[in-house]
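Asks: Questions regarding the structure given below will be posed in turn.
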Amino acid sequence: MKEITQSMKGFLAAVFMCALSAGNLVWAADGVTEHGGHARVRFIGNGLIGLTFYKNKSCVGGRGIQASRNGRNLGAALGILFGKAKNISLGIPETPNVTNLENWDVTLSKAFYREYSVNADEPLTIEAAYYFHTAGNHTSIARVTCNVDGFFVPEDGKDYEVTLNVGEKTCQLDVMKIDSAEAAVKLIPVKVKAANKCSAVDTGVPELTPEEQKAEDARIVPEGVAFKKKDAKVHADIDKHVDELLAKRRAERGFTLGASAQCPDCPQMIESPDGRQPLDGVHGLPQTDDAEINRWIKQIEPELRRYVTNQANYFNLPSNVVAIPCQGADDDLRKAAEFVDLSELPQEQQLAYERDHKTDGKLDYYFRDVRLWPVQASCVNGKLNGETDLWIFGNKVFDSATRLSVVPELTHVRFTAVNGKPVGLMNFVNRSEGPGINEYKDPVKNEEMKKKAQLRSEGVTFKYQQADKQENPRSVTVVNTIYDERGFKNSFEGPYTSVELPLSPGRTEVITFKGVRKAAHYLQKNGVLHGETIYYEKPKPSASTSSLLFPNAGKLFSKILPKETKEAITVTKKCFKDGASVDIDPCDVD
């Protein structure tokens, strides 16, 4: 068997130029606190590219950190293909390499990126390698390998991006400084000097063992702060069973899920073509008669687009977390993020919840396994005060007389706190996964459920809410649900939008939309339906020669027929009083 090996190292010295591309990933927990100045560096890799960096060295050798490990066998490449190498972000501004990450994909290997925090004003050496082989015929294999080593000195407070660009006969290590001072991100090439192998004196310490490397990787995202309930024994009996269900769920999936190893039950990101639906035309977000609500919708829209086009990287847990600023602040943060149990709600809301679910016997829901990652939080006089930025996770347990369910939820919330409570505008982004754990207490019904195919889905919710008007908070909520390949792709109308407007103390008006189409309009009193409720149904195609000839092609023709051939929107009206349906016409319930 003939092998062709091209060692490019001598040739690369002539073409070696370094530039960093913009990146937002940093290791806040990377043991770099011995100096005051720091920089952030993003490395972009795949299964064929190896990137290792050495801190405070201008040579290669010693204890390095592997940002990208190139696979010299099929197993390594398949590992990256099936998601073992995940993106890790520390907040470096996005660059074209990140927004078009798929351009770095190679056969059997998806591209990924990792961001690290490093000491500023110290040399940072990068060891880059590329390995690729292809079978030319039954008797020959062509192999290409290259190694490029260089170092630069990162500046305090700056962001950088590192890539290895491979051509037919060249490899080029690019280091770019990211300038995000203006609206458009600029990439400024950084001069990189060649690095030699370290001497025994320079090396100082041995390379990381596989176990040490694994431990180093685990430090990327801090574990977060576990919230401890004062009444933890209240749900002790059901919690024991929930523990068993969660353990079974992890075992069935075969690997740690979520944005980090420290959050094994975090909602799993699914890859789905449904999530790629265009957010324009009828699939876009609506406009209302309220100027403030419209302004919030315009702020939500670009975030929703960024999520839809880059699902896998949108919900990376932060690594630059801060400590809980004062005693009791963890409880204030949890409640502000709306991770509250049914028993913690006012009595009126508890009764309304029970009435809405119409469940005989016991009914309860509560959050468990709550973890907090505060990015920004401070206290004044022992109370949460000031700008607050928080990530929070919890398993929401629903327990009734007929079934038990567990739904993992991850939320990112930003607000201003005064005396421990949110005031002004609150911004929520929530991710939940379906199906969660569902178990009927009737064994026969439970077995029937297991036989049915379970549609996987992921729901992301964007919510803007005026927090300082607790009785009548005005809000807008946008929910976008993504299904797997078996999902309801043909029935997708666009995100579900709900607008809530205050009318008077305890009373609100709610308007819902599917895409840009109005779906419902109703009135509420103390959180329950009270007054006339109107439902607007989706227009249907009218009967035509085409539909008579092809009776099973209704969905297809409903999309391609002109608007004038469709029937008027059907309207259904119902009347409610204090949450219960009543037969009153006209619907005058006050």
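The values are calculated or read from the model by the stated rules, or taken from the named source; none is laboratory data. Being a predicted model, the structure only gives us computed values, none of them experimental. Glycine also receives a Cβ, built like all others from the backbone with ideal geometry; neighbour counts cover every protein chain displayed. We work out accessible area using only protein heavy atoms, side chains counted, and drop any ligands, DNA or RNA first. Shrake-Rupley method; radii C 1.70, N 1.55, O 1.52, S 1.80 Å.
Asks: Just to make sure I understand: if all protein chains stay in place, what is the order of K463, K193 by accessible area at 1.4 Å, largest first?
Replies: Listed by decreasing accessible area, they come as K193, K463.
Asks: At 7 Å along Cα-to-Cβ for each site, give me the label-to-label distance between R63 and N100 in nm.
Replies: Distance between the two pseudo-spin positions: 4.0 nm.
Asks: Here is a follow-up. Quick one: if you stick a label point 7 Å off each Cα along the C-beta vector at L351 and R507, how many nm between them?
Replies: In this crude label model, L351 to R507 measures out at 2.0 nm.
Asks: Given R₀ = 41 Å, FRET efficiency for I534-D231 by Cβ-Cβ distance, to 0.05?
Replies: 0.45
Asks: So how do E433, E354 rank on accessible area, 1.4 Å probe, biggest first, that is with the largest at the start?
Replies: Result of the area sort, largest leading: E354, E433.
Asks: In addition: How long is the stretch 299-382 along each principal axis, judged by its Cα atoms, biggest number first, in Å?
Replies: 45, 42, 25
Asks: What accessible area, in Å² to the nearest ten, does a 1.4 Å probe give for R63?
Replies: 100
Asks: Continuing with this model, one more query. Can you sort F227, F393 by solvent-accessible area, 1.4 Å probe, largest first?
Replies: F227, F393
Asks: What nm distance separates the two modelled labels at D578 and R517, each placed 7 Å from Cα along Cα→Cβ?
Replies: 3.7
Asks: With respect to the cross-link table entries K463/K525; K518/K577; K86/K298; K441/K463; K169/K197; K86/K248, which display a Cα-Cα separation exceeding 29 Å?
Replies: Violating the 29 Å limit, Cα to Cα: K86/K298; K441/K463.
Asks: A follow-up question, please. At 0.36 nm per residue, and after removing the present C-alpha to C-alpha distance, how many nm does the segment from K452 to V418 gain when stretched out fully?
Replies: 7.3 nm
Asks: Pop the C-beta distance of E493 and A194 into the FRET formula with R0 = 41 Å and round what comes out to the nearest 0.05.
Replies: The calculated FRET efficiency here is 0.10.
Asks: Another question, then. Within the stretch 372-399, name every residue whose backbone N is under 16 Å away from a label modeled 7 Å from Cα of K248 along the Cβ vector.
Replies: Only 398 pass the distance filter.
Asks: Tell me, what is the 1.4 Å probe accessible area of E448, in Å² to the nearest 10?
Replies: 110
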